[in-house]
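Comments concern the structure below.
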């Protein structure tokens with residue numbers, strides 16, 4: 001139920017005092033994005049209001065740290081990710097905690113909760129409101145009878161504050177028979193809902209009185225190593241889940257020269273690992289990997305590797321502190337090194353920033369690197385290396401805001417020196433484009449569409465851009481720029497069919513040549529190609545519009561081309577190991593349906 005209680009709008013969560021006696025449905029209705037804000041990496045600030053013991057506060061804080069790590073991907077089984085990742089919630093941090101043991105003498109309503117937080121902010125006991133900060137109010141004795149009134153937790157906001165109220169279940173109902181486990185479950189419920197639908201009805205919701213991610217799975221719980229967590233609505237599996245299928249595998253590949261491949265993955269320990277193909281052999285071995293470190297930063301998501309020559313590699317990754325980290329191969333050694341570490345990042349260079357997703361990177365010339373990311377408040381940010389230093393500001397940690405409020409990860413391309421094109425999905429589901437012409441940034445321009453995934457972009461020549469994205473129906477869509485107009489024109493996109501999971505991947509090895517790779521709903525890898533930039537192969541053959549490359553993969557495949565008629569495709573297998581296959585101009589190796597196992601375990 002939604003209502004307005006000035007100055008706060010709150011989303012009341014009705015949870016029965018115990019699970020219903022009848023079996024719960026095996027499937028749940030899909031959540032739909034309504035265009036409102038999403039808190040992609042919330043900072044969890046907590047206020048304990050009432051008579052709590054130090055043991056109780058300590059236990060809940062320990063759970064909060066565990067839950068924040070869970071939202072950041074810790075403990076995910078191979079080939080899976082935490083359930084809220086599909087809605088854009090890719091991490092969390094635990095912020096300041098304050099305990100006010102004194103209850104007010106008069107009854108408290110929602111405005112008084114806001115007043116308490118505001119007064120503590122003014123006094124310096126709590127930090128001020130930000131778009132990514134959720135104030136968790138753990139109360140005891142503040143709302144007697146709330147279980148009898150039919151609610152166990154509530155979230156909403158006003159005056160810039162995002163608030164989740166989580167009373168301790170020490171009265172009849174709300175799981176009072178197992179109070180600590182129930183308190184944790186209710187807290188998980190409210191945190192996920194406050195992140196995926198912070199304004200109540202404008203984020204991810206199925207509509208109706210029980211239409212948010214937690215409501216559809218109330219009192220279905222799982223016990224993880226750090227405590228109890230409620231299950232949540234899972235669009236990918238159409239069920240109530242803790243873990244769901246991985247949409248974007250943590251594998252990246254680059255090529256700086258013919259017969260050269262460099263593969264970088266995030267390991268299950270949070271570190272980053274590297275292997276390479278030199279035209280004859282895999283190094284350090286077929287199944288071995290070079291450890292690049294980063295376990296201390298506990299990297300998240302997909303690392304990005306870029307190469308602008310055979311002897312140069314740049315690897316970028318997002319740490320659990322939301323900052324960007326950088327390490328590079330200079331032709332003879334990895335920098336920073338154990339001998340000369342970065343003061344903040346150790347063997348990784350600390351570039352600062354507050355990233356809410358994976359970094360996008362492109363190089364348009366030797367000693368030039370441009371990187372982009374979505375910030376915690378949804379803005380697009382840019383940073384670049386000119387061969388001598390990082391820009392835009394005097395500090396290495398400065399970033400330039402390019403504005404906008406975007407969802408998902410940006411994609412970037414460069415079709416000439418001094419030319420940059422960046423694409424991102426807006427909160428309305430449309431795709432937006434911004435470009436640098438060598439002098440100024442254009443600002444975001446809409447190119448239409450209603451998409452469910454993040455875009456990918458490739459350029460095979462000057463003034464040519466090809467953009468691909470997964471639509472709301474799950475199919476792949478394409479739009480091309482020919483130097484004068486977008487085709488199809490207006491808001492239209494060309495449908496390439498095939499419902500997919502994750503995002504498409506595209507490479508080009510020559511003019512008018514495009515090769516597109518996706519993961520199908522059956523987990524197989526599929527391929528489609530164009531030799532003229534507009535029509536696509538294979539043609540209709542027995543109803544199949546895509547070439548099957550076999551395998552059973554998880555996440556988005558990665559692909560690269562180092563020359564005409566050469567394609568290398570990397571994907572994560574269900575066993576957690578990276579898999580490889582290649583096209584040599586005549587046939588797929590090892591075969592059209594087989595894959596080469598490169599060993600290791602991807603995070």
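The table below gives the values:
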read-out: Selection within the stretch 168-180 - without any contact (Cβ under 8 Å) to a residue 12 or more places away in the chain and either crowded, with 24+ Cβ neighbours inside 10 Å or not in a helix (DSSP H, G or I) (or both); value: 177, 178
read-out: Selection status of residue 183, surrounded by 14 or more Cβ atoms within 10 Å (Cβ to Cβ) and within 20 Å of residue 68 (Cβ to Cβ); value: yes
read-out: Boolean, residue 81 is within 26 Å of residue 552 (Cα to Cα) and either in a strand (DSSP E or B) or in contact with a helix residue (DSSP H, G or I) (Cβ under 7 Å, 6 or more places away or on another chain) (or both); value: yes
read-out: Within the stretch 134-167, tally of residues that are outside any strand (DSSP E or B) and surrounded by 24 or more Cβ atoms within 10 Å (Cβ to Cβ); value: 1
read-out: In the stretch 225-245, the residues that are modelled with pLDDT under 95, touching a helix residue (DSSP H, G or I) at 6+ places or on another chain (Cβ under 8 Å) and not in a strand (DSSP E or B); value: 235, 236
read-out: Positions within the stretch 417-426 being surrounded by 14 or more Cβ atoms within 10 Å (Cβ to Cβ) and either more than 20 Å from the chain's Cα centre (by Cα) or part of a loop (DSSP other than H, G, I, E, B) (or both), in sequence order; value: 419, 420, 421
read-out: Residue list for the stretch 497-527, filter: modelled with pLDDT under 95, under 25 Å from residue 463 (Cβ atoms) and surrounded by 20 or more Cβ atoms within 10 Å (Cβ to Cβ); value: 503
read-out: Any chance residue 121 is over 30 Å from residue 301 (Cβ atoms) and buried (at least 18 other Cβ atoms within 10 Å of the Cβ); value: no
read-out: Residues (within 27 Å of residue 225 (Cα to Cα) and either surrounded by fewer than 19 Cβ atoms within 10 Å (Cβ to Cβ) or in contact with a helix residue (DSSP H, G or I) (Cβ under 9 Å, 6 or more places away or on another chain) (or both)) located in the stretch 249-293; value: 268, 269
read-out: Checklist (1) outside the structural domain of residue 253 (by TED's automatic domain parsing); (2) more than 18 Å from residue 441 (Cα to Cα); (3) surrounded by fewer than 22 Cβ atoms within 10 Å (Cβ to Cβ) applied to residue 364, failing item; value: (2)
read-out: Residue count, the stretch 328-354 (criterion: in contact (Cβ under 8 Å) with a residue 24 or more places away in the chain and under 28 Å from residue 561 (Cβ atoms)); value: 1
read-out: Some residue of the stretch 312-319 being surrounded by fewer than 24 Cβ atoms within 10 Å (Cβ to Cβ), within 16 Å of the chain's Cα centre (by Cα) and without any contact (Cβ under 8 Å) to a residue 40 or more places away in the chain; value: yes
read-out: Residue within the stretch 465-476 that is part of a strand (DSSP E or B) and over 25 Å from residue 87 (Cβ atoms) present; value: yes
read-out: Residue 15 being more than 19 Å from the chain's Cα centre (by Cα), modelled with pLDDT of 85 or more, crowded, with 21+ Cβ neighbours inside 10 Å and farther than 30 Å from residue 404 by Cβ; value: no
read-out: Conditions (1) more than 15 Å from the chain's Cα centre (by Cα); (2) more than 20 Å from residue 401 (Cβ to Cβ); (3) touching a residue at least 12 places away in the same chain (Cβ under 8 Å); (4) surrounded by fewer than 24 Cβ atoms within 10 Å (Cβ to Cβ): number failed by residue 325; value: (4)
read-out: Residue that is surrounded by the most Cβ atoms within 10 Å (Cβ to Cβ) [pool: residues in the stretch 374-394 that are modelled with pLDDT of 95 or more and closer than 24 Å to residue 456 by Cβ]; value: 383
read-out: Residue match in the stretch 29-36 (condition: surrounded by 24 or more Cβ atoms within 10 Å (Cβ to Cβ) and outside the structural domain of residue 355 (by TED's automatic domain parsing)); value: no
read-out: Subset of the stretch 427-474 (residues that are surrounded by 14 or more Cβ atoms within 10 Å (Cβ to Cβ) and more than 25 Å from the chain's Cα centre (by Cα)); value: 436, 441, 460, 461, 464
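Conditions tested, residue by residue: (1) within 29 Å of residue 236 (Cβ to Cβ); (2) touching a residue at least 40 places away in the same chain (Cβ under 8 Å).
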position	(1), (2)
421	no, yes
436	no, no
445	no, no
451	yes, no
464	no, yes
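To keep it simple, each residue is scored yes or no on (1) surrounded by fewer than 23 Cβ atoms within 10 Å (Cβ to Cβ); (2) in contact with a helix residue (DSSP H, G or I) (Cβ under 8 Å, 6 or more places away or on another chain); (3) more than 21 Å from residue 513 (Cα to Cα); (4) modelled with pLDDT of 95 or more.
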| site | (1), (2), (3), (4) |
| --- | --- |
| 553 | no, no, yes, no |
| 558 | no, no, no, yes |
| 561 | yes, no, no, yes |
| 568 | yes, no, no, yes |
| 596 | yes, no, yes, yes |
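The values are calculated or read from the model by the stated rules, or taken from the named source; none is laboratory data. Being a predicted model, the structure only gives us computed values, none of them experimental. Ideal geometry is used to build each Cβ from the backbone, glycine not excepted, and the neighbour counts take in all protein chains shown.
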